[in-house]
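Worksheet: one structure, shown below.
The values are calculated or read from the model by the stated rules, or taken from the named source; none is laboratory data. These numbers were taken from a predicted model, which means no experiment stands behind them. Counting neighbours? That spans all protein chains shown, and the Cβs are built from the backbone with ideal geometry, glycine included. Accessible surface areas use protein heavy atoms only, side chains included; no ligands, DNA or RNA. Shrake-Rupley method; radii C 1.70, N 1.55, O 1.52, S 1.80 Å.
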Amino acid sequence: MATSTLFEALSAYVSARKWRYIYPVWSRRAQGISIGVNLHPNHCCNWHCIYCQVSGLQRGPSPAINTPSLQQELSDCLNWLSQHTPLSMRTCVRDIAFAGDGEPTTSPQFFEILQMVANLLQQRSLDDRPATIRLITNGSQLQQAQVQQALKLLNSMEGEVWFKVDAGNDAEMLAINDAHLALALHLQRLQHCCALCPTWVQTAVVSRKHAGGTITTPTLDSYVQALLPFKQQIAGILLYGVARASQQDAQGSIQATAAAILETYAEALRTQGFCVRMFV
Ligand code: SF4
């Protein structure tokens, strides 16, 4: 069986059940099937990234999560995978990823749900569960004690974090993430993250039409300088271009990021000794 066939069958199974919290996705960065955990089915996020693919994205509070219902959906999903995935293909299910339609760590129930997932996985054999638990985060809550506690738990589960850094200066944080946040403060949060759990930086390289032509962010020099102090602390950098249509770009200013541009960023980072994975 091809991985794509497995993914399509799983997607059809999930879609027929109209689950609220668990969704399968084909992840180019994880390079396989990812089981997503969505703590924001209300499409609310505290940031409003220009390239975000969440349809109907809005700012607002995290919804109350029905933990038993989420647990049931995840159990059903893992059971379906156990029954339909040949042993030789188990590694194509890459991870359980906290991502979804908003920032996972803004949910007051994030810790409790991570704990539930940890307990659920402990009850399954190693062959019967994805190898990695990932948190895909914008990093904005890393100063919160409860989130730091959750990262300690994630670390004990041999999980990892993908931490968003899309900017080389404050103006780019505002332009790309719509976050009124100094880059220096964001990098302090990255520091907390690295101290608690293995961390990859993930960066979207975004090209936009501009009055004078095309502008690409983050500004390469300042971005590389900002990350240099983290060279020994992060596992590496996931560098990706915008490949799918943004739902937030009403003016259609975002262009597909050229492979040659991404390569320029990757080369500059590799020259400084960073491990870089690039996704065109
Ligand atoms: S942090 Fe993630 S979910 Fe929130 S706006 Fe940015 S891309 Fe979308």
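Every residue in region 67-84 that is under 24 Å from Glu112 (Cα atoms), open to solvent by less than 50 Å² (accessible area, probe 1.4 Å) and not acidic (Asp, Glu), please. Steps first, please.
As a first pass, look at region 67-84 and keep what is under 24 Å from Glu112 (Cα atoms): 67-79.
Subset that is open to solvent by less than 50 Å² (accessible area, probe 1.4 Å): 67, 69-70, 73-78.
Scanning region 67-84 gives Thr67, Ser69, Leu70, Leu74, Ser75, Cys77, Leu78.
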Could you go through region 47-57 and let me know if any residue there is within 16 Å of the ligand (Cβ to nearest atom), more than 25 Å from Ser4 (Cα to Cα) and open to solvent by 40 Å² or more (accessible area, probe 1.4 Å).
yes
Among the residues of region 116-141, the number that are surrounded by 15 or more Cβ atoms within 10 Å (Cβ to Cβ), part of a loop (DSSP other than H, G, I, E, B) and either at pLDDT below 95 or at positive phi (or both) is 3
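Inside region 142-154, can you point out the residues that are part of a helix (DSSP H, G or I) and touching a His at 6+ places or on another chain (Cβ under 7 Å)? Lay out the reasoning, then the answer.
So the first thing to find is which residues in region 142-154 are part of a helix (DSSP H, G or I), and the list is 145-154.
Listed by number, the list holds a single entry, Gln148.
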Is there any pair with a first residue in region 34-54 that is of a type in the set (D, E, K, R) and a second that is buried (at least 19 other Cβ atoms within 10 Å of the Cβ) whose Cβ atoms are under 9 Å apart and which are 6 or more apart or on different chains, and what are they?
none
Leu151 vs (1) under 26 Å from Ala182 (Cβ atoms); (2) modelled with pLDDT of 95 or more; (3) within 16 Å of the ligand (Cβ to nearest atom): all pass except (3)
So for region 206-221 (the condition being closer than 21 Å to Asp170 by Cα and in contact (Cβ under 8 Å) with a residue 60 or more places away in the chain), does at least one residue qualify?
yes
Index of the failed condition, Ile237 passing every other in (1) modelled with pLDDT under 95; (2) within 18 Å of the chain's Cα centre (by Cα); (3) not in a loop (DSSP other than H, G, I, E, B):
(1)
Would you pick out the residues in region 95-106 that are open to solvent by less than 10 Å² (accessible area, probe 1.4 Å), within 16 Å of the ligand (Cβ to nearest atom) and among the aliphatic types (A, V, I, L, M)?
Ala97
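Do the conditions hold for Gly213, that is, is it within 16 Å of the ligand (Cβ to nearest atom) and either over 27 Å from Trp26 (Cα atoms) or surrounded by 19 or more Cβ atoms within 10 Å (Cβ to Cβ) (or both)?
Values: within 16 Å of the ligand (Cβ to nearest atom): no; either over 27 Å from Trp26 (Cα atoms) or surrounded by 19 or more Cβ atoms within 10 Å (Cβ to Cβ) (or both): yes.
No: the conditions fail for Gly213.
Could you tell me whether Arg20 is within 21 Å of the chain's Cα centre (by Cα), under 25 Å from Thr85 (Cα atoms) and among the basic types (Lys, Arg)? Even if it seems obvious, please write down each step before you answer.
Values: within 21 Å of the chain's Cα centre (by Cα): yes; under 25 Å from Thr85 (Cα atoms): yes; among the basic types (Lys, Arg): yes.
Here the answer is yes, as Arg20 does meet what is asked.
Could you tell me which residue of region 59-76 is nearest to Phe110 (Cα to Cα), considering only residues that are part of a helix (DSSP H, G or I) and more than 20 Å from the chain's Cα centre (by Cα)?
Let us first name the residues in region 59-76 that are part of a helix (DSSP H, G or I), namely 67-76.
Going one step further and asking which of them are more than 20 Å from the chain's Cα centre (by Cα), we end up with 67-69, 71-73, 75-76.
Details: Thr67: 10, Pro68: 14, Ser69: 15, Gln71: 13, Gln72: 17, Glu73: 17, Ser75: 18, Asp76: 20 Å.
Result: Thr67.
Do you know which residues across region 169-185 are part of a loop (DSSP other than H, G, I, E, B) and buried (at least 21 other Cβ atoms within 10 Å of the Cβ)? Give the steps one after another, and end with the answer.
Initial filter on region 169-185 (part of a loop (DSSP other than H, G, I, E, B)): 169, 178-182.
Result: Ala179, single match.
So that you can scan it fast, the table gives a plain yes or no per residue for (1) away from the ligand (no atom under 14 Å from the Cβ); (2) on the phi > 0 side of the Ramachandran plot; (3) among the hydrophobic types (A, V, I, L, M, F, W, C); (4) open to solvent by less than 10 Å² (accessible area, probe 1.4 Å):
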{"position": "Arg59", "(1), (2), (3), (4)": "no, no, no, no"}
{"position": "Pro86", "(1), (2), (3), (4)": "yes, no, no, no"}
{"position": "Val93", "(1), (2), (3), (4)": "yes, no, yes, no"}
{"position": "Pro108", "(1), (2), (3), (4)": "yes, no, no, no"}
{"position": "Leu114", "(1), (2), (3), (4)": "yes, no, yes, yes"}
{"position": "Gln143", "(1), (2), (3), (4)": "yes, no, no, no"}
{"position": "Glu158", "(1), (2), (3), (4)": "yes, yes, no, no"}
{"position": "Asp166", "(1), (2), (3), (4)": "no, no, no, yes"}
